[in-house]
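This report refers to the structure that appears directly beneath it.
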Amino acid sequence: MLEIQRIRQEKDAIIAGLAKRNIDATSTLDAIIATDQNWRAAKTNLDQLAAELNQIAREIGELFKKGLQNDASALKAKSSELKTKEVQLKEEVAQHEEALQKLLYTLPNVPHEAVVQGRDAQDNQTTHEAGHIPQFNFDALPHWDLAKKYKLIDFELGVKVTGAGFPFYRGKGAKLQRALIQFFLDEAIAAGYEEFISPHMVNEASGYGTGQLPDKEGQMYYVTEDDLYLIPTAEVPLTNIYRDVILPDGNFSIKMCGYTPCFRREAGSYGKDVRGLNRLHQFDKVEIVRVEHPDNTAKALDEMIAHVQNLLEKLELPYRILRLCGGDMGFASAMTYDFEVYSAAQEKWLEVSSVSRFDTFQSNRLKLRFKDDKKTMLCHTLNGSALALPRILASLLENHQTADGIRIPKALQSYTGFSIID
RNA sequence: GGUGGGAUGGGUGAGAGGCUGAAACCAACAGUUUGCUAAACUGUCGUACGGGUAACUGUACCGCGGGUUCGAAUCCCGCUCCCACCGCCA
């Protein structure tokens, strides 16, 4: 959520920024500013009226003490008269406030100045490309066939027990999955991230804190009985640790990581995009989350990119890094880098990680601040997948397949305990 | 699930209709002094929003939401959460 103070001061810059998302925010911003003015006017009236009422109440108290009941009664009459006015004003203030809130929720984050204008994925800029794309001298299989051939994943069993999008991993497939989680966590810890094992369900306040609610309500599984949401990513519990927190000074850099299963309803998805591991309702992910001083955000983002890059290199996967254009960025992001791994068998790039800086967009909702001398300022938040398992598993299977089986990258062998799946 | 107790500022904890945005103590911060890895003393010490260039000032907030009253941290109702014991159970 954008800060209202910022909208008051930098309206034109915000319009220019949102234009990069192909959004013309002029009318929304005008409405916001008008609503804000109405709200402030009503609020000022209300405050003055309340002050008057407080004053009268105090006087009545004095009169009672002196035993001047009659004078007190006269004031009481006046007070109840003002009281009706107060009720009306309160309602008016509440209405403006609600309208303002609704408008603010509709505005996505303003892209960072380095982000280019663009419509969709076509306009993303490739900033880095590395690794080599394997050439197969045999019939390369997509991962769903490999998974079946080597008995690594059983999709049908998942359908039977739960439903589509909830696969079973088995045998070496399960071990590989566990090895990847361990590997990712160890790497994150080595890079200075503190590991958390978090709850897998969160309350409503946390859903609002990171912005899943109210806009993406349908994306989360909801447990009605207890009013809890299954987490769509570890970002939600980890970031919400810092909801309603004021850090004591500006000298901080918080780095957290955590492995969790992630639950996503993915309502509306269908077709070949959801084949195999490409899109699941439950998947595993190691997430890295940072809370930073605004001065340190750019550096933190670079570190996170380098971290993910390092992972992909150790897994020996051909990848590229894209800086998303305005039109392709998520709602809350100010700047996002996507990591894609090439799948030689599917002959396409698969998104395996997304690293973003949110600047104050999340912290404004979270009320995550720090004390800077006298002032209280909003922190910056960042997060990234490091990494999401299913598509990494898919890329590993597809890119490292040989005629004799699937080769396990060196860095992973001490975790799996085997060097080939055959 | 049952019974009982509780929820106040960074912490402990007073408060029981107007003098309470809230005592006291601890912690923290600033200063004075004596001096030396310390003590004593003094001061500062919640958040949000509005108004004001500012000093400052107004309003709201004592778990949350309602109600009673001229006036609520204090009384009433509903809810949530926490703690203890019991029950059930990994």
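Numbers for the structure displayed
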{"item": "Near pairs, Cβ below 9 angstrom, 6+ apart or cross-chain, from segment A:53-76 (in the same structural domain as A:Val87 (by TED's automatic domain parsing) and farther than 21 Å from A:Leu89 by Cβ) to any residue that is open to solvent by 90 Å² or more (accessible area, probe 1.4 Å) and near RNA strand B (Cβ under 6 Å from one of its atoms)", "result": "A:Ile60/A:Lys76; A:Ala72/A:Phe64"}
{"item": "Residues (part of a loop (DSSP other than H, G, I, E, B) and among the acidic types (Asp, Glu)) located in segment A:214-240", "result": "A:Asp215, A:Glu225, A:Asp226, A:Asp227"}
{"item": "Test: residue in segment A:253-263 that is assigned by TED's automatic domain parsing to the domain that holds A:Leu185 and without any contact (Cβ under 8 Å) to a residue 24 or more places away in the chain", "result": "no"}
{"item": "Segments classed as helices (runs of 4 or more DSSP H), wholly inside segment A:1-115, with at least 3 members that are open to solvent by less than 60 Å² (accessible area, probe 1.4 Å) and within 12 Å of RNA strand B (Cβ to nearest atom)", "result": "A:26-66, A:69-106"}
{"item": "Among residues of segment A:210-243, those that are open to solvent by less than 50 Å² (accessible area, probe 1.4 Å), closer than 14 Å to A:Thr260 by Cβ and away from RNA strand B (no atom under 16 Å from the Cβ), counted", "result": "11"}
{"item": "Unique residue being at pLDDT 95 or above and not in a helix (DSSP H, G or I) when the list is A:Gly192, A:Gly163, A:Gly211", "result": "A:Gly192"}
{"item": "Unmet requirement for A:Phe283, which otherwise passes all of (1) open to solvent by less than 40 Å² (accessible area, probe 1.4 Å); (2) of a type outside the set (Val, Ile, Thr); (3) more than 30 Å from A:Tyr229 (Cβ to Cβ)", "result": "(3)"}
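The values are calculated or read from the model by the stated rules, or taken from the named source; none is laboratory data. Note that the coordinates shown come from a computational prediction; the quantities given were computed from them, not determined experimentally. Ideal geometry is used to build each Cβ from the backbone, glycine not excepted, and the neighbour counts take in all protein chains shown. Ligands, DNA and RNA are excluded from the accessible area calculation, which covers all protein heavy atoms including side chains. Shrake-Rupley method; radii C 1.70, N 1.55, O 1.52, S 1.80 Å.
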